[in-house]
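Undergrad: Have a look at the structure that comes next, please.
The values are calculated or read from the model by the stated rules, or taken from the named source; none is laboratory data. Here the structure is a predicted model, which means the values were calculated and not measured. Counting neighbours? That spans all protein chains shown, and the Cβs are built from the backbone with ideal geometry, glycine included.
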Amino acid sequence: MTRALVAALALGLIAIAARAETEEHHPAHDYPTAARADYVIGCLAANGFSHDLLEKCSCGIDTIADMMSYDDYEKAETILSMQQGVHGPQADIFRHTPIAIEEIDRLHRAEAEVNLRCR
C-alpha cells in the first residue's frame, strides 16, 4: 500500500469514529467497528478517495444499520459472496431459495435508501 492510501484509510477511520461520537442520530442497530470500517473502505476503494465520498460512505453504513440488524446484514453479505463464488448445482441454494431472496431483497432496499439519504 502506498503511504497516501494508508493515510487516507487512517483518516477515514478517524472520521468514522468522530462522526459516531458527535452525531445526534444513532443507527437503530449497533454494528462492529470492523464491519463499519470494512464497508467504508470498500466504498472508498470502489468509488475513489475524497472527503465528500467519505461522508457518503459513512452515511451509507449508518443507513443500512438503521434498517437491518447486523445479523441480517451479515447473512445478506454472506449470501452475496456465495453467489459470486459458488458454481453449479450447489449455487442454487444461494440464489433461488426464499431465505436467500428475502435477505438479498432486504439489503437491496437498504441500499436504495442509502442512495436517497446519502447524497
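Undergrad: Could you say whether any residue in the stretch 43-53 is part of a helix (DSSP H, G or I), closer than 21 Å to residue 103 by Cα and either within 12 Å of the chain's Cα centre (by Cα) or without any contact (Cβ under 8 Å) to a residue 60 or more places away in the chain (or both)?
TA: Yes: one or more hits.
Okay, residues lined up against (1) modelled with pLDDT of 70 or more; (2) more than 20 Å from residue 115 (Cβ to Cβ); (3) of a type outside the set (D, E, K, R); (4) surrounded by 12 or more Cβ atoms within 10 Å (Cβ to Cβ):
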| residue | (1), (2), (3), (4) |
| --- | --- |
| 13 | no, yes, yes, yes |
| 18 | no, yes, yes, no |
| 25 | no, no, yes, no |
| 33 | yes, yes, yes, yes |
| 41 | yes, no, yes, yes |
| 48 | yes, no, yes, no |
| 60 | yes, no, yes, yes |
| 70 | yes, yes, yes, yes |
| 96 | yes, yes, yes, no |
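Undergrad: Still on this structure, I have one more. List every residue pair whose Cβ atoms lie under 8 Å apart, where the two residues are 6 or more positions apart in sequence or sit on different chains, the first residue falls within the stretch 24-42 and is of a type in the set (Lys, Arg), and the second residue, located anywhere, is modelled with pLDDT under 90.
TA: Partner pairs satisfying both residue conditions: 36/16.
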